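One structure is given below, encoded as structure tokens.
The values are calculated or read from the model by the stated rules, or taken from the named source; none is laboratory data. This structure is a prediction, so every number in the text was calculated from the model and none was measured. Because the Cβ atoms are built from the backbone with ideal geometry, glycine has one as well, and the counts that use them run over all protein chains shown.
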Amino acid sequence: MGALLRLLFYGVLVRGVVLIVLGLNVRHRERLPTRGPAILAANHNSHLDAMALISLLPLRLLPRVRPVAAADYFLRNRWLAWFALNVVGIVPLNRQRQHAHDDLLAPVAEALERGDILIFFPEGSRGEPEQLAEFKTGLARIAERRPDVPVIPVYTYGLGKALPKGEWMIVPFFVDIFVGEPLRFDGDRGAYMERYRSAMAALALEEKHADWT
């Protein structure tokens, strides 16, 4: 039942919104993963972010594609938790330890071990529309655990205007998505995050100068 609901949600509703309500322009689509495990690491301005990214992947991968999301937000009540887990298919992540020995990244590591393709937002929470916020080091800690897993930087522009934080009405807007080259961990968390920041900055600059005509 859950698999059918996910297929209807992403295959019909989400793709309908993305393809009809939004104008979606994608550069370097060939860099997207064709199998898991892999991580799409994107900027985060809207609840539409994960939906738009998942719509870029073929439906055959849908059972393996899961957004990483804050457990305290998406599991805060029974009905939202059911929808988030069974339809959206999130990997719930606790943002704070309840006990000193808690492994906050365990759910992510387990999903990658299963071969999933994860949608991950290194900024954590949604920021201001079309502005890059500070990237947290969780991405580097995940890459350190699984250096074999490719991390693909993805820069999106327009989703924060189509559905800004705090709003629930989608505004038709042209959305640009730029896919970067995969990154692999090189043994140093700080250097890795700097490479990710540089990749995102380069994609943002490419978007600024893009000519879609």
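Points to keep in mind about this one:
- Candidate set from segment 71-123 (those that are outside any loop (DSSP other than H, G, I, E, B) and aromatic (Phe, Trp, Tyr)); member that is surrounded by the fewest Cβ atoms within 10 Å (Cβ to Cβ): Trp79
- Within segment 14-65, considering residues that are aliphatic (A, V, I, L, M) and assigned to a loop (DSSP other than H, G, I, E, B), the one farthest from the chain's Cα centre (by Cα): Leu22
- Test: residue in segment 53-68 that is at negative phi, of a type in the set (D, E, K, R), in contact (Cβ under 8 Å) with a residue 40 or more places away in the chain and surrounded by fewer than 20 Cβ atoms within 10 Å (Cβ to Cβ): yes
- Within the set Glu207, Glu167, Glu128, the sole residue that is at pLDDT below 95 and not in a loop (DSSP other than H, G, I, E, B) turns out to be Glu207.
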